[in-house]
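The values are calculated or read from the model by the stated rules, or taken from the named source; none is laboratory data. Just so we're clear, the structure is a prediction, and the values are computed from it rather than from any experiment. Note: ideal-geometry Cβ built from the backbone for every residue, glycine included; neighbour counts use all protein chains shown. SASA here: full protein model, heavy atoms, side chains in, ligands and nucleic acids out. Shrake-Rupley method; radii C 1.70, N 1.55, O 1.52, S 1.80 Å.
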Amino acid sequence: MTRHYIIWYAIVLHFVWGSLLLVHPVGLRTTPVSAMATVSNGSAPGLGLILLGAAGLALTALFYPFPRAWQVTVLCVPQQFLLFLSAGGAVAATWAGMYADGVPRPHLFIFMDQFPTMLAAILHSLAITVGMKSL
Amino acid sequence: MNGLWIPLAALIISLATLVFSAISLKGKANGTAVQRMEQRIKFLEEHLERCTERLEACQEENVVLMRKLVAATG
């Protein structure tokens, strides 16, 4: 049961980010979101819909009683893909010593700030693979 | 700053997750099949043991009956 929490975390995160991007595109330049913008070709509403869609699929995976475990994994993979895009953006920002909006900071500063994004992607992957049988 | 490597890496990780899940599930399914087969073999062994005991009892009873038949017919 505890393995669900990281999936819930990602659902809420993507739901909030997606909703905010539909309202206003200012968040598109934040470090974890900017890397995801490549999948929507830089469109804020497009990315907002993609995030809401991924959150919806993961929510379905948690609530619908799928008979096969692989069906749950498949529905959570879009969410995992988006989390790894964010994590990739965080790694790139750490490596460059500069946030996605161009603000320069020491590498360790950005790493400490963006570490939760990287950690979430790893924990989510563990939850949908190793912890899949308990979903 | 964010090149094409980030989506590519994320895509590879997601595909790897799917492949890992598929292999893991297949292994689990095989494991379950092996367990079922082992249970079946155990059940058949026990059944065979019971049948052997019953056969031995029948043979002993048959010997007794044959002796009685011989005694009765003189």
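Find the helices (runs of 4 or more DSSP H) located wholly in the stretch A:1-106 whose residues include 1 or more that are open to solvent by 80 Å² or more (accessible area, probe 1.4 Å) and either within 14 Å of another protein chain (Cβ to nearest Cβ) or β-branched (Val, Ile, Thr) (or both), and list them.
So the answer is A:4-23, A:69-96.
Quick check on B:Gly27: is it without any contact (Cβ under 8 Å) to a residue 60 or more places away in the chain and part of a loop (DSSP other than H, G, I, E, B)? Give the derivation first.
Values: without any contact (Cβ under 8 Å) to a residue 60 or more places away in the chain: yes; part of a loop (DSSP other than H, G, I, E, B): no.
Criteria not met by B:Gly27.
Apart from one condition, A:Pro116 fits all of (1) within 13 Å of chain B (Cβ to nearest Cβ); (2) within 19 Å of the chain's Cα centre (by Cα); the exception is (1).
A quick yes/no check of all residues on (1) under 30 Å from A:Thr94 (Cα atoms); (2) surrounded by 10 or more Cβ atoms within 10 Å (Cβ to Cβ):
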{"position": "B:Pro7", "(1), (2)": "yes, yes"}
{"position": "B:Ala10", "(1), (2)": "yes, yes"}
{"position": "B:Ser14", "(1), (2)": "yes, yes"}
{"position": "B:Phe20", "(1), (2)": "yes, yes"}
{"position": "B:Ala33", "(1), (2)": "no, yes"}
{"position": "B:His47", "(1), (2)": "no, yes"}
{"position": "B:Val70", "(1), (2)": "no, no"}
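Taking (1) touching a residue at least 40 places away in the same chain (Cβ under 8 Å); (2) within 15 Å of A:Ser19 (Cα to Cα) in turn, A:Val77 satisfies each apart from (2).
Entry remark, the stretch A:107-135: residues being outside any helix (DSSP H, G or I) and open to solvent by less than 80 Å² (accessible area, probe 1.4 Å) number 2 in total.
Do we find a residue being within 14 Å of another protein chain (Cβ to nearest Cβ), over 30 Å from the mean Cα position of the chain (by Cα) and modelled with pLDDT of 90 or more anywhere in the stretch B:42-59? Outline the logic, then answer.
Step one: of the stretch B:42-59, the residues within 14 Å of another protein chain (Cβ to nearest Cβ) are none.
Among the residues of the stretch B:42-59, not one is within 14 Å of another protein chain (Cβ to nearest Cβ), over 30 Å from the mean Cα position of the chain (by Cα) and modelled with pLDDT of 90 or more, which makes the answer no.
Taking the stretch B:12-23 on its own, how many of its residues are facing chain A (nearest Cβ under 7 Å) and more than 34 Å from the chain's Cα centre (by Cα)?
2
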